[in-house]
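Comments concern the structure below.
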Amino acid sequence: MSVSKKVLVVEDETSLCDAIVAVLEKNGYDVTAAADGQQGLEAALERHPDVILLDHLMPTKSGLSMLEELRKDVWGATAKVIMTTNVSETENVNRALMQNVRQYIVKSDISLEDLVLAVDEALGIAR
């Protein structure tokens, strides 16, 4: 049996975070959750997840701030990150894309199942 892939979910909205964690675990992922960018950065550098689902707007440290700090780390420079947000402002999308994110997903436009497919795609997993 193969070892499940690790996913870090960085999301400050508790009910949404719980739903994302549940659907990813149901699909065989080993999931860790963090409630803000500072916790997310610490968890990412400690656990080295295979994919990070990173919310854009959060307290303490925004997703973009976390991403910029993550990219300064040797491991973090190439970590697979999918930004999730309710903000689709061009400036923020461009800042995220300049940090080599895999996708920039507007949460209101996607289902939880589609989010699982985005993680699968980032990892090259076909279901």
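Where strands (runs of 3 or more DSSP E) fall wholly inside segment 21-127, the ranges with 1 or more residues that are open to solvent by 20 Å² or more (accessible area, probe 1.4 Å) and either out of contact with any strand residue (DSSP E or B) (no Cβ under 9 Å at 6 or more places or on another chain) or not charged (D, E, K, R) (or both) are 30-34, 103-106.
Which residue, of GLY76, GLY124, is closer than 17 Å to GLU42 by Cα, modelled with pLDDT of 90 or more and not aliphatic (A, V, I, L, M)?
Of GLY76, GLY124, the one residue that is closer than 17 Å to GLU42 by Cα, modelled with pLDDT of 90 or more and not aliphatic (A, V, I, L, M) is GLY76.
Screening THR14 on (1) over 16 Å from LEU115 (Cβ atoms); (2) of a type in the set (Val, Ile, Thr); (3) touching a residue at least 24 places away in the same chain (Cβ under 8 Å) shows it passes everything except condition (3).
The values are calculated or read from the model by the stated rules, or taken from the named source; none is laboratory data. Owing to the predicted nature of the structure, the values given are computational and were not obtained by experimental measurement. As a convention, Cβ positions derive from the backbone with ideal geometry for all residues, glycine included, and neighbour counts pool all protein chains shown. Only protein heavy atoms, including side chains, enter the accessible area calculation; ligands, DNA and RNA are left aside. Shrake-Rupley method; radii C 1.70, N 1.55, O 1.52, S 1.80 Å.
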